[in-house]
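This report concerns only the one structure given below.
The values are calculated or read from the model by the stated rules, or taken from the named source; none is laboratory data. Only a predicted model underlies this, so the values are computations on that prediction, with no experimental measurement involved. Cβ placement follows ideal geometry from the backbone for every residue including glycine, while neighbour counts extend to all protein chains displayed.
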Amino acid sequence: MHKRSNENTGFLYSNGLPIPFTPAYFQRIQPSEVANENALRKQYQENGFVYLKSVLDEKSVFNLREAYFKLFDQVIFKEGSAIKDGIFSGTLQYLPSAHGHKDHPASRFVLTDEFEHFTHSKALYSIAATLLGEDVVQLKCKPLRHFYKGTEVASQAHTDYTYMDEGTDKLLSIWIPLGEIYRWPVAAYYT
(Lines give C-alpha, C1' and ligand atoms only; values in the text may rest on other atoms or scores of the structure.)
Protein backbone atom coordinates (compact mmCIF):
# COMPACT_ATOMS: atom_id res chain seq x y z
CA MET A 1 0.00 0.00 0.00
CA HIS A 2 1.38 3.42 -0.76
CA LYS A 3 0.43 7.05 -0.73
CA ARG A 4 0.32 8.79 -4.09
CA SER A 5 2.33 11.95 -4.61
CA ASN A 6 -0.69 14.23 -4.15
CA GLU A 7 -0.93 14.13 -0.36
CA ASN A 8 -3.92 16.48 -0.27
CA THR A 9 -6.33 13.86 -1.61
CA GLY A 10 -6.97 12.25 1.79
CA PHE A 11 -6.64 8.80 0.20
CA LEU A 12 -4.07 6.07 0.15
CA TYR A 13 -4.08 3.66 -2.75
CA SER A 14 -3.75 -0.11 -2.82
CA ASN A 15 -3.46 -1.69 -6.25
CA GLY A 16 -4.85 1.49 -7.79
CA LEU A 17 -7.94 1.58 -5.58
CA PRO A 18 -8.49 4.53 -3.22
CA ILE A 19 -8.86 3.92 0.50
CA PRO A 20 -9.99 6.98 2.46
CA PHE A 21 -7.29 7.97 4.94
CA THR A 22 -9.74 8.19 7.84
CA PRO A 23 -10.02 6.63 11.32
CA ALA A 24 -12.55 4.18 9.88
CA TYR A 25 -9.68 2.48 8.01
CA PHE A 26 -6.46 3.69 9.65
CA GLN A 27 -5.37 4.28 13.20
CA ARG A 28 -2.06 5.37 14.67
CA ILE A 29 -0.50 2.51 16.60
CA GLN A 30 1.92 2.79 19.46
CA PRO A 31 4.81 0.39 20.03
CA SER A 32 3.97 -2.47 22.34
CA GLU A 33 5.89 -3.16 25.54
CA VAL A 34 7.92 -6.34 25.00
CA ALA A 35 9.16 -6.69 28.60
CA ASN A 36 5.69 -7.45 30.01
CA GLU A 37 4.75 -10.76 28.37
CA ASN A 38 1.27 -10.93 29.93
CA ALA A 39 0.38 -7.41 28.79
CA LEU A 40 1.79 -8.13 25.32
CA ARG A 41 -0.28 -11.32 24.99
CA LYS A 42 -3.39 -9.50 26.22
CA GLN A 43 -2.88 -6.69 23.70
CA TYR A 44 -2.49 -9.24 20.90
CA GLN A 45 -5.65 -11.09 21.97
CA GLU A 46 -7.67 -7.85 22.21
CA ASN A 47 -6.40 -6.10 19.06
CA GLY A 48 -5.26 -8.93 16.83
CA PHE A 49 -1.82 -7.35 16.41
CA VAL A 50 1.12 -5.85 18.23
CA TYR A 51 3.70 -3.37 16.98
CA LEU A 52 7.20 -4.24 18.16
CA LYS A 53 10.30 -2.12 17.69
CA SER A 54 13.97 -3.01 18.14
CA VAL A 55 13.30 -6.67 18.88
CA LEU A 56 15.61 -7.95 16.15
CA ASP A 57 19.24 -6.98 15.83
CA GLU A 58 19.31 -4.07 13.37
CA LYS A 59 22.59 -5.23 11.82
CA SER A 60 21.15 -8.67 11.02
CA VAL A 61 18.13 -7.06 9.34
CA PHE A 62 20.31 -4.81 7.18
CA ASN A 63 22.69 -7.69 6.35
CA LEU A 64 19.69 -9.69 5.16
CA ARG A 65 18.50 -6.75 3.05
CA GLU A 66 21.94 -6.36 1.49
CA ALA A 67 22.15 -10.08 0.66
CA TYR A 68 18.71 -9.82 -0.98
CA PHE A 69 19.55 -6.70 -2.97
CA LYS A 70 22.74 -8.31 -4.31
CA LEU A 71 20.49 -10.57 -6.40
CA PHE A 72 19.28 -7.56 -8.43
CA ASP A 73 20.76 -5.80 -11.42
CA GLN A 74 22.42 -2.62 -10.19
CA VAL A 75 20.21 -0.54 -12.50
CA ILE A 76 17.48 -0.49 -9.83
CA PHE A 77 19.71 1.34 -7.34
CA LYS A 78 20.41 5.05 -7.42
CA GLU A 79 23.77 5.71 -9.07
CA GLY A 80 26.54 6.18 -6.51
CA SER A 81 24.52 4.65 -3.65
CA ALA A 82 25.48 1.53 -1.72
CA ILE A 83 23.44 -1.62 -2.34
CA LYS A 84 22.82 -1.99 1.39
CA ASP A 85 21.06 1.38 1.43
CA GLY A 86 18.54 0.16 -1.14
CA ILE A 87 17.94 3.60 -2.68
CA PHE A 88 15.65 3.04 -5.66
CA SER A 89 16.72 4.60 -8.97
CA GLY A 90 13.21 4.66 -10.41
CA THR A 91 14.12 2.00 -12.98
CA LEU A 92 12.26 -1.29 -12.67
CA GLN A 93 14.11 -4.54 -13.27
CA TYR A 94 10.93 -6.58 -12.95
CA LEU A 95 7.50 -5.28 -13.79
CA PRO A 96 5.32 -5.24 -10.68
CA SER A 97 2.88 -8.12 -10.56
CA ALA A 98 -0.18 -8.62 -8.39
CA HIS A 99 0.89 -12.16 -7.53
CA GLY A 100 4.67 -12.14 -7.73
CA HIS A 101 6.94 -13.37 -10.48
CA LYS A 102 8.68 -16.74 -10.47
CA ASP A 103 11.91 -15.23 -11.82
CA HIS A 104 11.95 -12.37 -9.30
CA PRO A 105 14.90 -12.53 -6.87
CA ALA A 106 12.44 -12.85 -3.96
CA SER A 107 11.47 -16.31 -5.23
CA ARG A 108 15.10 -17.43 -5.06
CA PHE A 109 16.02 -15.56 -1.89
CA VAL A 110 13.45 -17.29 0.33
CA LEU A 111 15.32 -20.55 -0.42
CA THR A 112 18.74 -19.27 0.70
CA ASP A 113 20.55 -20.19 3.89
CA GLU A 114 20.65 -16.49 4.90
CA PHE A 115 16.87 -16.18 4.76
CA GLU A 116 16.32 -19.53 6.48
CA HIS A 117 18.73 -18.62 9.29
CA PHE A 118 17.14 -15.19 9.77
CA THR A 119 13.58 -16.54 9.90
CA HIS A 120 14.58 -19.11 12.50
CA SER A 121 15.96 -16.57 14.95
CA LYS A 122 15.34 -17.20 18.65
CA ALA A 123 13.77 -13.74 18.94
CA LEU A 124 11.03 -14.59 16.41
CA TYR A 125 10.25 -17.90 18.11
CA SER A 126 10.14 -16.18 21.49
CA ILE A 127 7.71 -13.51 20.23
CA ALA A 128 5.46 -16.13 18.65
CA ALA A 129 5.46 -18.33 21.77
CA THR A 130 4.70 -15.31 23.97
CA LEU A 131 1.79 -14.14 21.81
CA LEU A 132 0.27 -17.58 21.33
CA GLY A 133 1.01 -18.75 24.87
CA GLU A 134 2.50 -22.08 23.84
CA ASP A 135 5.33 -23.74 21.92
CA VAL A 136 5.31 -22.84 18.23
CA VAL A 137 6.21 -24.45 14.92
CA GLN A 138 7.16 -22.40 11.90
CA LEU A 139 5.24 -23.03 8.70
CA LYS A 140 7.05 -23.73 5.42
CA CYS A 141 5.50 -20.74 3.68
CA LYS A 142 7.60 -17.61 4.36
CA PRO A 143 6.80 -15.06 1.67
CA LEU A 144 9.03 -12.07 0.99
CA ARG A 145 7.00 -9.12 -0.26
CA HIS A 146 8.79 -6.61 -2.49
CA PHE A 147 7.16 -3.40 -3.65
CA TYR A 148 8.51 -0.60 -5.76
CA LYS A 149 7.92 2.94 -4.53
CA GLY A 150 5.52 4.83 -6.77
CA THR A 151 3.88 1.81 -8.42
CA GLU A 152 0.25 0.90 -7.90
CA VAL A 153 0.92 -2.74 -7.05
CA ALA A 154 0.78 -3.82 -3.43
CA SER A 155 -0.30 -6.81 -1.40
CA GLN A 156 -4.06 -7.00 -1.73
CA ALA A 157 -6.27 -7.21 1.33
CA HIS A 158 -6.23 -10.83 2.44
CA THR A 159 -6.32 -13.13 5.42
CA ASP A 160 -3.12 -15.15 5.81
CA TYR A 161 -5.02 -18.01 7.45
CA THR A 162 -6.93 -18.85 4.28
CA TYR A 163 -3.81 -19.96 2.43
CA MET A 164 -1.54 -20.99 5.31
CA ASP A 165 -3.84 -23.30 7.26
CA GLU A 166 -1.87 -26.40 8.15
CA GLY A 167 -4.26 -28.08 10.54
CA THR A 168 -4.46 -25.42 13.25
CA ASP A 169 -6.62 -22.44 14.06
CA LYS A 170 -3.64 -20.68 15.65
CA LEU A 171 -1.66 -18.74 13.11
CA LEU A 172 0.62 -15.77 13.66
CA SER A 173 2.04 -13.66 10.83
CA ILE A 174 5.14 -11.62 11.57
CA TRP A 175 5.87 -8.78 9.15
CA ILE A 176 9.44 -7.48 9.22
CA PRO A 177 10.39 -4.42 7.14
CA LEU A 178 13.92 -4.79 5.78
CA GLY A 179 14.64 -1.13 6.22
CA GLU A 180 13.67 2.02 8.04
CA ILE A 181 10.05 3.11 8.30
CA TYR A 182 9.96 6.87 7.85
CA ARG A 183 6.24 7.49 8.28
CA TRP A 184 4.35 6.80 11.46
CA PRO A 185 3.00 3.26 11.49
CA VAL A 186 -0.66 2.66 10.90
CA ALA A 187 -2.89 -0.34 11.07
CA ALA A 188 -5.12 -0.69 8.03
CA TYR A 189 -8.61 -2.07 8.46
CA TYR A 190 -10.54 -3.44 5.49
CA THR A 191 -14.26 -3.98 5.75
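Results for (1) among the small types (Gly, Ala, Ser); (2) modelled with pLDDT of 90 or more, shown as yes or no for each residue.
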residue: Tyr68; (1), (2): no, yes
residue: Ser81; (1), (2): yes, yes
residue: Leu92; (1), (2): no, no
residue: Glu116; (1), (2): no, yes
Candidates Glu33, Glu58, Glu46 - the one that is modelled with pLDDT under 90, exposed (fewer than 14 other Cβ atoms within 10 Å of the Cβ) and in contact with a Leu (Cβ under 7 Å, 6 or more places away or on another chain): Glu33
Just one of (1) surrounded by 15 or more Cβ atoms within 10 Å (Cβ to Cβ); (2) at pLDDT 90 or above; (3) of a type in the set (A, V, I, L, M) trips up Leu144, so point out which. (2)
